[in-house]
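The values are calculated or read from the model by the stated rules, or taken from the named source; none is laboratory data. What you are looking at is a predicted structure, and each value in this text was computed from that prediction instead of being measured. Note that we place each Cβ from the backbone using ideal geometry, even for glycine, and neighbour counts take in every protein chain shown. Just so you know, the surface numbers come from the protein's heavy atoms only, side chains and all, with ligands and any DNA or RNA stripped out. Shrake-Rupley method; radii C 1.70, N 1.55, O 1.52, S 1.80 Å.
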Amino acid sequence: MGLVQVATNTVTSAVSSITFPNIDTDDVYMLTGANIECSTTDGYIQLRFTESGTPNTSANYDGAFKLIRAYNTFLNRNNLNSTHIELTRLAQGSGANTSNFIVYIYNANNSSEFTFITNEAVALTTSASTEGSAGGSVFTSASEVDGVNLFFNTGNIAGGAFTLYRVV
C-alpha cells in the first residue's frame, strides 16, 4: 500500500475555506492537515463534501467521536443530521496554538454508496492544554462526491498545510 499525492494547499494568509475538488476514482483517499491556525478563538475546523465542485450544505452528515482531553474528563461527541463534520477544535492561531488531523475517505466516488470517513486529530486548546479525538462520520446521501471543503465555524483558516492523497 502507498500514497499518491493528489493536491496540496499551504495557507499563509487567511482564507475562509479550502476546497480539494480532486476525488475522481473509487480509491480510498487520505486528507491531512498540519499546523492549522484559526483567526479567532475556539474555532472548530469542519468538513463538507463537494458534488460537482460545490460544497453540499444539506443536513446529511452524521458522526461520533471520543474527545480525549488532557485538562478534563473524556467526552463522547456526536452529530446527527448536521450540515458538516467537525474535525477538531483549535485555539486562536499564533503559531504556537495549532491542530493536526488525518482523515480517511471511503466510497466517495461511488454514487450508489454513502461516503464514510474515519478521523484522528489533536489540538492545543485555548486553555493551553491538548486534546485529541478519534471517530468516524458518514454522509448519508448516495451520491458521487468529488471533493472536500474545509472551513472554520467562526473566523478564517489563518495557516496550515493541507494535502489530499489517494491510497494505492
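Among ASN156, ASN81, which is at pLDDT below 95 and open to solvent by 50 Å² or more (accessible area, probe 1.4 Å)?
None of the other options fit; the residue is ASN156.
How many residues does region 102-134 contain that are modelled with pLDDT of 95 or more, under 19 Å from ASN78 (Cβ atoms) and open to solvent by less than 30 Å² (accessible area, probe 1.4 Å)? So the count comes out to 4.
Residues considered: MET1, MET30. Of these, the only one that is over 25 Å from THR154 (Cβ atoms) and either among the β-branched types (Val, Ile, Thr) or open to solvent by less than 50 Å² (accessible area, probe 1.4 Å) (or both) is MET30.
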